[in-house]
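The structure under discussion appears below in the form of structure tokens.
All of the numbers you see were taken from the coordinates with simple rules; none came from a lab. Predicted, not measured: the structure shown is a model, and the values here were computed from it. As a convention, Cβ positions derive from the backbone with ideal geometry for all residues, glycine included, and neighbour counts pool all protein chains shown.
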Amino acid sequence: MTEQRQLIAWRILALVAVALALATLYTFARSQQLPSHEGPSYRIAYTRDLEGMFHIVHCGADGLDCRELAASDGTDLMPSAAPPSAEVSDEPRIAFLRIDTQDAESRDTGPFAPGGVYVLGLNSGQTGKVSAQVDRIMTVRPSWSPDGRQIAFGGAEDLNADGAYALDESGVYVSDVNSGEVRRVATGLLAGWQLSWSPAGDLLLATGIEAGDSVPYVYALEIGSGITYTHPYIGEITTACWSPEGDHIAAYSREDHRIHVLDSQGDEAFAFDAPYGDVLEIIWTPGAAPDASDEQLFAVTGTGFELGAGPLYRRHVSASAGEHWIPVAGAQSFTALLSASPDGRYVAFTRFSSEHEGDLFVLDRADREPRQITSDPGFEGAATWVSVP
């Protein structure tokens, strides 16, 4: 081989080596960004502030392929994904609140906003209002029934036609998605950011608040009868959540600063100390093991209910004295709005940088630190997980 040909050969080999190195770096970067395991496929729908107007966007679980959910002149927020149900619909569906901002600016509506609850098919883009005659809504995330046929939401009606919306004219409503029929099942003002329909049946967990009070309380609502229950023995339950199967409740008591795990009858199975500070939010995520031994609780704590954001902690759901709360690295300030994927693999949350600025983060339970999904100016958060075929 001549010296010139050797030089050309070496140059080709060098180019191949550089190409292989770049490919390796790209593959490594993608492996850090994308989930590496096989399992359910999800998209994340969340609220984004676009130049002062709130809209709903959905993207892949890696934060890529972002699309606006529905074009609107109003404010769209608080998305809630329907549980997968081939019997009801083979299309992923999302419920959300749409607020008529022009009407809201022209009137004093108090805690209620002009607007309604809408449902959108993710594939077809077809949108329909499901809140019927309830023309004032509370900015609380709506909740789907386990079979995907009904939606619970907070609203108010001008029942005495005086042009105002009083406390006794507000409450919890349930809409039949197919027929459009809406009925009020409870009266009262809602607090917190979401309703929670039991995965097991006809019960809702709702957070109420008395007029002039800043401390919320949690009650169970029997949808069929409209009967509400507060716990007779455990005082000051300010936040609670269902277990993945809906057969237990984790309830935080501000009175004794403990998490009480209750069975479906409200009897205590066991209890343990809460992490430092008032627990502002709590979610119970399913585990990968068949015996549910690795189910986990995630809790946000703070120093007051008006703040609403703080450090994030996790622990296994266990009565063991050796189990402790673990701070989530990278989520030790101003976190809120927790949401778990249906398989419990991921937890999404919003981390605030100011009162009106926030970004969406996702924690893979197999990782130590969460991944930042959004980075645009303004608010991006309040996510829901959409199962896609």
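Each residue of the stretch 138-143 was assigned a 3J(HN,Hα) from its phi angle through the Karplus expression (A = 6.51, B = -1.76, C = 1.60, θ = phi - 60°), giving 9, 7, 10, 4, x, 10 Hz with x at Gly and Pro.
Taking Lys and Arg as +1 and Asp and Glu as -1, the other residues whose beta-carbon sits under 11 Å from that of Pro199 total -3. Go through the stretch 166-219 and name the GluC sites (Glu not before Pro) that are in a DSSP coil and have 14 or fewer other Cβ atoms within 10 Å of their Cβ. Qualifying residues, ordered by number: Glu181, Glu210. Computed on the Cα atoms alone, the convex hull of the stretch 168-320 gives a volume of 132 cubic angstrom per residue.
For chymotrypsin sites (Phe, Trp or Tyr not before Pro), the sites in the stretch 209-270 that DSSP calls loop and that have at most 16 other Cβ atoms within 10 Å are Tyr233.
Shown here: the stretch 274-389, whose C-alpha atoms stretch 43, 40, 21 Å along the first, second and third principal axes, sorted largest to smallest. What the phi angles of the stretch 219-227 give under the Karplus curve with 6.51, -1.76 and 1.60, with θ = phi - 60°, is a coupling list of 9, 9, 10, 7, 5, x, 9, x, 6 Hz, glycine and proline written as x. Put a dot 7 Å past the Cα of Lys129, heading toward its Cβ, do the same for Asp256, and the two dots end up 4.8 nm apart.
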